[in-house]
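Asker: Encoded as structure tokens, here's the structure I'll be asking about.
The values are calculated or read from the model by the stated rules, or taken from the named source; none is laboratory data. All values reported here derive from a predicted model rather than from experimental measurement. Cβ placement follows ideal geometry from the backbone for every residue including glycine, while neighbour counts extend to all protein chains displayed. In case anyone asks, the SASA skips ligands and DNA or RNA and just uses the protein heavy atoms, side chains included. Shrake-Rupley method; radii C 1.70, N 1.55, O 1.52, S 1.80 Å.
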Amino acid sequence: MLIIGITGTLGAGKGTVVEYLRNKRRFAYFSVRDFLREEVHQRGLEANRDTLTSVANDLRAQHSPSYIVDELYRRAAQSGSNAIIESIRAVGEVEALRKKGGFMLWAVDADAKTRYERIRLRGSETDHIDYDTFLDNEKRELDNTDPNKQNLKACMAMADATLRNDGNIEELHKKIDEILSRFMPQEEEEHRRPSWDEYFMDLCHSVALRATCNRGRSGCVIVKDKQILVTGYVGSPSHLPHCDEVGHLFRKTLHEDGSVSTHCVRTVHAEQNAICQAARRGVALEGSTLYCTMTPCRTCAMLIINCGIRKVVADYKYHAGAESEEMFEKAGVELQYIHNEVLQYNNQKQEKSE
């Protein structure tokens, strides 16, 4: 049994590492952050970065520097499988875990500006801050001589492996596999039958290989009662040229806050094509589940709602998907993410108009 502790800077991509280990390598998951959030709520406090840090330091001072991770290690050992303990932040925690055996520490880091943009897109309860506050919060956590308190800088220096996450998700996944190959040879891994969500999402990725726009090769699979109804992928309308053949057809959108985003309008979205296929073949979608690459856009979301689709499973978040999320919630459509990260692609970043 291997237990991996995850440490790293804010917004570096620790959650992405965890999701990959959980979903692709079948690691059990235990989180210091979740443990602290439960304690914060039990004390009747508001969950924000300051209260999480304060409660963590208090628990370590009351019990021991390793109290939180000792509890999580106990749960991980009871699971009997390879496991992850996320958000290791104190030197005392690392020292205690090393004594238990079968443990290694990974550090995740990236450029500060990149990390700040990621947390803004993530938008969790502790992420609604400006850049200066982001840097101040990180500075408090980076360096501390008290072993009971958070010291990310020292923890990261103690790591057995460091993942630099300045690139895309695929590059990060490759780095994870390279590290694991040194500690978990392929022949020692046991086959695990994928869950239904994993099975249909893998099919969704296969469908996406047919997509004809390299800016976002997305796929869609719609199922009911564990049976595939229809599929769809990004591509131009029938008999019209594709982006892969003649290039993109870009249009800019001016938003209320003055930002400008660029979109390719040559193609029909994967979700729309799947729904069109169902309409042409007389396939009812009432009560079905839709699997897709990322949060459907506003137009796709409206079509999904009116088709009677009851659940959407997206592999990643769409950077402009907040309105779709709101509509799904109001319409009673369940929305589930496999990875709680925003999918990155070319020309995604918005700019202020002049």
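Asker: Find the residue count for segment 345-354, including only residues that are open to solvent by 100 Å² or more (accessible area, probe 1.4 Å) and either modelled with pLDDT of 70 or more or closer than 25 Å to V17 by Cα (or both).
Answerer: Residues that pass the stated criteria total 2.
Asker: Kindly establish whether T267 is in contact with a Pro (Cβ under 9 Å, 6 or more places away or on another chain) and either hydroxyl-bearing (S, T, Y) or open to solvent by 80 Å² or more (accessible area, probe 1.4 Å) (or both).
Answerer: So T267 fits the description; yes.
Asker: Right, something else. What are the residue pairs meeting all of these: first residue in segment 135-158, first residue within 12 Å of G92 (Cβ to Cβ) and surrounded by 14 or more Cβ atoms within 10 Å (Cβ to Cβ), second residue among the acidic types (D, E) and at pLDDT 70 or above, Cβ atoms under 8 Å, and 6 or more apart or on different chains?
Answerer: Pairs that qualify, where the first residue is within 12 Å of G92 (Cβ to Cβ) and surrounded by 14 or more Cβ atoms within 10 Å (Cβ to Cβ) and the partner is among the acidic types (D, E) and at pLDDT 70 or above, are P147/E95; C155/E93.
Asker: Moving on. A76 fails exactly one of the following numbered conditions: (1) closer than 30 Å to T133 by Cβ; (2) crowded, with 23+ Cβ neighbours inside 10 Å; (3) small (G, A, S). What is the number of that condition?
Answerer: (1)
Asker: Taking the stated definitions as given, is H319 within 19 Å of G235 (Cα to Cα) and either modelled with pLDDT under 85 or under 23 Å from the mean Cα position of the chain (by Cα) (or both)?
Answerer: Answer is no for this residue.
Asker: Please enumerate the residues belonging to segment 305-316 that are within 23 Å of the chain's Cα centre (by Cα) and crowded, with 19+ Cβ neighbours inside 10 Å.
Answerer: V312, V313, A314, D315, Y316
Asker: Can you list the strands (runs of 3 or more DSSP E) found entirely within segment 181-298 that contain at least 2 residues being touching a residue at least 60 places away in the same chain (Cβ under 8 Å) and either within 23 Å of E170 (Cβ to Cβ) or under 25 Å from the mean Cα position of the chain (by Cα) (or both)?
Answerer: 219-224, 259-264, 289-294
Asker: Taking the condition of being without any contact (Cβ under 8 Å) to a residue 40 or more places away in the chain and either in contact with a Pro (Cβ under 7 Å, 6 or more places away or on another chain) or under 18 Å from G92 (Cβ atoms) (or both), how many residues in segment 41-63 meet it?
Answerer: 6
Asker: Considering only segment 45-73, how many residues are of a type in the set (K, R) and surrounded by fewer than 21 Cβ atoms within 10 Å (Cβ to Cβ)?
Answerer: Matching residues across segment 45-73 total 1.
Asker: Failed condition for E38, given (1) open to solvent by 10 Å² or more (accessible area, probe 1.4 Å); (2) in contact (Cβ under 8 Å) with a residue 12 or more places away in the chain; (3) over 26 Å from Y116 (Cβ atoms), with all others met?
Answerer: Looking at each condition in turn, E38 falls short on (2).
Asker: Between residues in segment 321-340 that are under 27 Å from K14 (Cα atoms) and open to solvent by less than 50 Å² (accessible area, probe 1.4 Å) and residues that are in a loop (DSSP other than H, G, I, E, B) and not aromatic (F, W, Y), which pairs lie under 7 Å by C-beta distance while being six or more apart or on different chains?
Answerer: Sorted first by the residue in segment 321-340, then by its partner, the pairs are G321/T295; S324/T295; S324/P296; S324/C297.
Asker: For L249, state whether it is open to solvent by 40 Å² or more (accessible area, probe 1.4 Å) and under 26 Å from V313 (Cβ atoms).
Answerer: no
Asker: Tell me, which residue of segment 79-93 that is over 11 Å from L152 (Cβ atoms) and in contact with a helix residue (DSSP H, G or I) (Cβ under 6 Å, 6 or more places away or on another chain) is most open to solvent (accessible area, probe 1.4 Å)?
Answerer: E86
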